[in-house]
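The structure under discussion appears below in the form of structure tokens.
None of the figures in this text is laboratory data; all of them are computed from the coordinates on show. The structure presented is a predicted model; accordingly, all values stated were derived computationally and were not measured. All Cβ positions, glycine included, derive from the backbone under ideal geometry; neighbour counts span all protein chains shown.
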Amino acid sequence: MSQPRKPPPTWGNYQASIGDRSALFALVTRHWGSERALYPGCYLDLAPSTAIKDVTYLDVDKRAAKYFATEGLPESELEDHGIAGERRIRFIHADYADELPLDPAAYDVVISLYAGFIWDRFARYLAPRGLLLANTSHGDACIAALDPSLTLVGVVHHEDGRYSLSCDELDTYLIPKKREQADAELIRAAGKGIAYTRTGFAYIFQKDM
């Protein structure tokens with residue numbers, strides 16, 4: 001007897017494993033009015049497009065390429081999610097190290113969630129006063145915290161399935177438990193984040209002028 005076919009990978013069934021991050025991006029747009037985002041290492045996470053009108057997705061994974069290449073599928077999933085109105089969705093099937101068809105300083109948000117050291121390669125695509133949304137999973141927020149061109153402007157918390165944004169007492173975050181570990185080269189070599197005395201789910205940094 002033949003085995004039943006697995007359903008094609010979609011944002012909907014991906015959410016079953018990671019949860020719906022739509023509220024996360026709603027917080028960012030509500031607070032900063034972001035309109036153009038770049039999401040390297042996106043896989044099947046379409047959540048930014050629920051809140052941001054123009055999103056460029058980038059991933060080397062073939063399943064992500066197939067998903068975004070299926071005509072009308074991302075748009076129909078957004079409609080199923082209750083999202084009305086025009087959205088620009090662009091997907092680039094490439095590795096981070098490739099030369100990319102992107103304009104410098106073209107985006108007001110760069111998203112770095114569980115995808116490695118995004119900031120090193122994508123800083124040039126972020127506009128002045130633009131935002132980097134990053135977590136510490138693979139160390140990208142840790143690298144960003146050491147970059148003098150970035151200022152921490154918000155911390156995202158995720159508890160009981162709810163996202164919340166804190167912009168108060170920001171100087172109490174990103175304080176290393178072991179100060180000697182707060183070294184960019186050591187973090188890159190380890191490929192992971194370091195421990196902090198006070199933590200959030202993700203951190204929002206703003207690029208200087």
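Structural remarks
- Our estimate of slack between Asp120 and His31, defined as 0.36 nm per intervening residue step minus the Cα-Cα distance, is 29.5 nm.
- Choice from Ile118, Ile89, Ile143 showing the highest fluctuation, given a GNM over the chain with Cα pairs closer than 10 Å: Ile89
- Ellipticity estimate at 222 nm from DSSP helix runs (n ≥ 4, -39,500 (n - 2.57)) divided over the chain, nearest 500: -6500 deg cm²/dmol
- Dipole of the chain, positive end: most advanced residue of Val109, Ala195, Phe91 [Cβ charges, Cα centre]: Ala195
- GluC sites (Glu not before Pro) lying in DSSP loop within the range 67-106, provided at most 13 other Cβ fall within 10 Å: Glu71, Glu86, Glu99
- Distance between modelled label sites at Glu169 and Ala84, nm, 7 Å Cα→Cβ extension: 4.2 nm
- When only the Cβ of Lys, Arg, Asp and Glu is charged (+1, +1, -1, -1), the dipole of the chain relative to its Cα centre reaches about 320 debye.
- Between Ser76 and Asn13, the contour length at 0.36 nm per residue exceeds the Cα-Cα span by 21.3 nm.
- Sequence-distant contacts, meaning Cα pairs under 8 Å at least 6 residues apart, place the relative contact order of the chain at 18 percent.
- GNM flexibility winner over the chain from Ile111, Ile18, Ile175 (Cα, springs under 10 Å): Ile18
- Spatial separation of Cα centroids for the range 77-139 and the range 165-186, in angstrom: 23 Å
- Considering only Ser164, Ser17, Ser137, the mean-square fluctuation computed in a Gaussian network model of the chain, springs between alpha carbons under 10 angstrom, is largest for Ser17.
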